[in-house]
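To keep things clear, I will list the structure first and then write my remarks on it.
Nothing in this text is a laboratory measurement; each read-out follows from the coordinates by a stated rule. As the structure is a computational prediction, the values presented were derived from the model and not from experiment. Methodologically, a virtual Cβ is constructed for each residue, glycine included, from the backbone with ideal geometry; neighbour enumeration extends over all protein chains shown.
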Amino acid sequence: MLKLKSLAVAAALFAAGAAGATTTLNAGSYSVTYDQTTSSFGSISSWFSSGSTVGFEWSVDPSVNVTSVGGAAATATFAIPDFTITVNPGYSLSGAIGASLGNIVYFLNGSGATASVTGTGSVSVDGGATVTQPSTALNQTVVTPSFGYFSGTQLIPAGAFSSVAVTGASITLTASGGSFASIGAQPQNKLKFEFTAQAVPEPETYALMLAGLGAIGMMVRRRQSR
């Protein structure tokens, strides 16, 4: 069952000083530490779990927009918060991590009007080398000749991990041509990251399981010896 927890509930679990720029969200199986000062996205709006799939998301602020008037190219780049995912005791994490964004609406008017959205960023797994992800264009869904939206998912390879740091991530909006072209986000648009989390049995659990298997083995041997 999908469990979506609001920011109002999350606020009770945030571990950060009132004047601090860095915020930590404890989501049970993992924690996310992020720097709100590196982005206009603000605080994580919600987090979720569905079976072993877990994740968190930001609402996209309406300030994420760009407009071209008269055909001149207009481009704007918006930073995504630097953040680090860290496993919490008693759990294991694994990927690939799915990074998705949607649905960002665009409007076009006039011959030759175009719009595009691309995203990129750098990733370090378990303190290893920082790898820059290739710039990826979001898919463009055409609803009418003058209206549609952008959305897409990029997989960040991670394998089994204890921590993943994402830095320097951003999305770039570009509009040009025609008499008018624009791209504009709305609060219902989401920037989401999801991955896999599983509980790891405590040593005592393994001991009890082994003891149980040993007892079963003894019972089987006794029956066979009769």
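In square nanometres and to one decimal, what's the mean projected area of the convex hull around the Cα atoms of the range 71-123?
5.8 nm²
Residue 195 sits among other residues whose Cβ lies under 15 Å from its own Cβ, and their net charge, with Lys and Arg +1 and Asp and Glu -1, is -2.
Label sites at residue 111 and residue 188, each approximated as a point 7 angstrom past Cα along Cα to Cβ, lie 3.6 nm apart.
For residue 52 and residue 144 in the same chain, what is the full-extension length gain: residue separation times 0.36 nm, less their Cα-Cα distance, in nm? Kindly include the intermediate steps, with their values, before the conclusion.
On the way: separation 92, 0.36 × 92 = 33.12 nm, distance 3.82 nm.
29.3 nm is the gain from fully extending residue 52 to residue 144.
Each residue, residue 91 and residue 126, gets one label point 7 Å from its Cα in the Cβ direction; the gap between the two is 1.9 nm.
Mind running the shape call on the range 72-168? Use the C-alpha gyration tensor, a ≥ b ≥ c as the square roots of the eigenvalues: rounded below 1.5 for a/c, prolate if a/b tops b/c, oblate otherwise.
Details: a/c = 3.48, a/b = 2.43, b/c = 1.44.
Since a/c reaches 1.5 and a/b is larger than b/c, the shape of the range 72-168 is classed as prolate.
Amide H to amide H, with H built 1.01 Å from N, residue 156 comes under 5 Å of 97, 98, 99, counting only residues 5 or more places away or on other chains.
Placing a label point 7 Å from the Cα of residue 151 along the Cα-to-Cβ direction, the residues of the range 168-187 whose backbone N falls under 17 Å from that point are 184-187.
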